[in-house]
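One structure is given below, encoded as structure tokens.
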There are 2 protein chains.
Amino acid sequence: MSAIETRRQIVEAADKLFYENGFVATSFADIAKSVGLSRGNFYYHFKTKDEILGAVIDLRLANTQAMLDAWQEAASPAERIRGFIDILIVNRVQIMKHGCPVGTLANELAKLDHVALRDSARVFALFRGWLGRQFIALGRESDADELALHVLMRSQGIATLAAAFRDETFIRREVEDMKDWVAAQIPSRKSR
Amino acid sequence: MSAIETRRQIVEAADKLFYENGFVATSFADIAKSVGLSRGNFYYHFKTKDEILGAVIDLRLANTQAMLDAWQEAASPAERIRGFIDILIVNRVQIMKHGCPVGTLANELAKLDHVALRDSARVFALFRGWLGRQFIALGRESDADELALHVLMRSQGIATLAAAFRDETFIRREVEDMKDWVAAQIPSRKSR
């Protein structure tokens, strides 16, 4: 296996462990073990857990950007926003177990007052910018960013309570409620 | 100092450390150190971190119940709900640093698949029941629990994004928006 491929495997394993068990709860040794590498081989790629964290955040940024690019295919801005909201349904089993990967990492890093908090918030910022552009396309230029943050806020609230109560009915109800809210934000067309 | 007083000091120190640094990030030794106890004296009170966690959750349940009881003094159910929402403003500095104590602990315990997750969710359940009773008093018998969960959900979403972006303007705007939403839920009085 090439060095690049090994590095990729480490970062993907760390991404999964940080999400499923938490950043603090995941040790350097846990990650090495999950990819079946010797300590020596592992250290060749990463010297500290913080270095791995940086690579995990970069991976999440790239994956998020790719997902947003793919969503641009959707027919309309409103449909794209609904696609974002539907992540809560698509990933509901994982969310009920581990919360939202972005929100829970940010919370952990905030508590640690970790320098990477800013970088982790860039994943939120990608969603925020993208959602804002959809609201602009829907004719809400003046408050697009506020609306984008409102959608992110609700998604985070749903994910946290979903993990606390492990209640799928709650997720589905709030997802519908959020879609109704989005529909109500679209200015009615005066002409046509 | 009496044994009961020492125990109380340990639990309060753990409550603060679990909130500020996280449950996983806080070691048994950190707690002993913060109350200035020898290991022997400390072990007399608690044998494991999970035992301390149980006591911290009990303390949070008692504190939450006392707060809810105090809020019953407020003039009207709508005012009581606004009082709940205003926690986000009152505690904004702490929330921007460490998130919400209830939500972040639940997220940590969910990831650990910890048996205490259920107990930690009881703090949410206290708020949920209390908020539900306020919505019933406002004439929303049929969907009081859904409305209560919606308020909790928004509070959690605001707390998570507040910790990620550390943006007070965002908190204040969403708090106003949530209060407007609550006002819109109150059925207009047809008669008197």
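The table below lists the values:
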{"quantity": "Output for segment B:157-180, where each listed residue is in a helix (DSSP H, G or I), open to solvent by 10 Å² or more (accessible area, probe 1.4 Å) and in contact (Cβ under 8 Å) with a residue 12 or more places away in the chain", "calculated": "B:Glu168, B:Arg172, B:Lys179"}
{"quantity": "Among (1) within 26 Å of B:Ser2 (Cβ to Cβ); (2) touching a helix residue (DSSP H, G or I) at 6+ places or on another chain (Cβ under 8 Å); (3) part of a loop (DSSP other than H, G, I, E, B), the one test that B:Arg60 misses", "calculated": "(3)"}
{"quantity": "Among (1) more than 12 Å from every other protein chain (Cβ to nearest Cβ); (2) out of contact with any Phe, Trp or Tyr (no Cβ under 7 Å at 6 or more places or on another chain); (3) open to solvent by less than 10 Å² (accessible area, probe 1.4 Å); (4) not charged (D, E, K, R) - the single one B:Ile87 does not satisfy", "calculated": "(3)"}
{"quantity": "Count of segment A:1-52 residues which are of a type in the set (Ser, Thr, Tyr) and in contact with a Pro (Cβ under 9 Å, 6 or more places away or on another chain)", "calculated": "1"}
{"quantity": "Residue check for B:Ser142: at pLDDT below 95 and more than 24 Å from B:Ala62 (Cβ to Cβ)", "calculated": "no"}
{"quantity": "Evaluation of B:Lys49 against (1) at negative phi; (2) more than 23 Å from the chain's Cα centre (by Cα) (one fails), failing number", "calculated": "(2)"}
{"quantity": "Residue that is farthest from the other protein chains (Cβ to nearest Cβ), among those in segment A:110-126 that are open to solvent by less than 20 Å² (accessible area, probe 1.4 Å) and in a helix (DSSP H, G or I)", "calculated": "A:Val123"}
{"quantity": "When residues of segment B:16-30 are limited to those that are open to solvent by less than 30 Å² (accessible area, probe 1.4 Å) and not in a helix (DSSP H, G or I), the one nearest to the other protein chains (Cβ to nearest Cβ)", "calculated": "B:Gly22"}
{"quantity": "Residue count for segment A:133-151, restricted to those that are at the interface with chain B (Cβ under 7 Å from one of its Cβ atoms) and surrounded by fewer than 23 Cβ atoms within 10 Å (Cβ to Cβ)", "calculated": "1"}
{"quantity": "The one condition in (1) closer than 16 Å to B:Glu51 by Cα; (2) outside any loop (DSSP other than H, G, I, E, B); (3) touching a helix residue (DSSP H, G or I) at 6+ places or on another chain (Cβ under 8 Å) that B:Ile4 fails to fulfil", "calculated": "(3)"}
{"quantity": "Per-region count, segment A:127-156, residues touching a residue at least 60 places away in the same chain (Cβ under 8 Å) and not in a helix (DSSP H, G or I)", "calculated": "1"}
{"quantity": "Pick from segment A:90-109, criterion closer than 13 Å to B:Arg166 by Cα and not small (Gly, Ala, Ser), ranking: surrounded by the most Cβ atoms within 10 Å (Cβ to Cβ)", "calculated": "A:Asn107"}
{"quantity": "Residue check for B:Glu12: at pLDDT 95 or above, open to solvent by 20 Å² or more (accessible area, probe 1.4 Å) and either of a type in the set (Phe, Trp, Tyr) or assigned to a helix (DSSP H, G or I) (or both)", "calculated": "yes"}
{"quantity": "From A:Ala25, A:Ala29, residue being more than 23 Å from A:Ala62 (Cα to Cα) and modelled with pLDDT of 95 or more", "calculated": "A:Ala25"}
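The values are calculated or read from the model by the stated rules, or taken from the named source; none is laboratory data. Keep in mind that what you see is a predicted model, and the values were worked out from it rather than measured. Glycine gets a Cβ as well: all are built from the backbone with ideal geometry, and neighbour counts include every protein chain shown. To get the accessible areas, we keep the full protein, side chains included, count just its heavy atoms, and leave off ligands, DNA and RNA. Shrake-Rupley method; radii C 1.70, N 1.55, O 1.52, S 1.80 Å.
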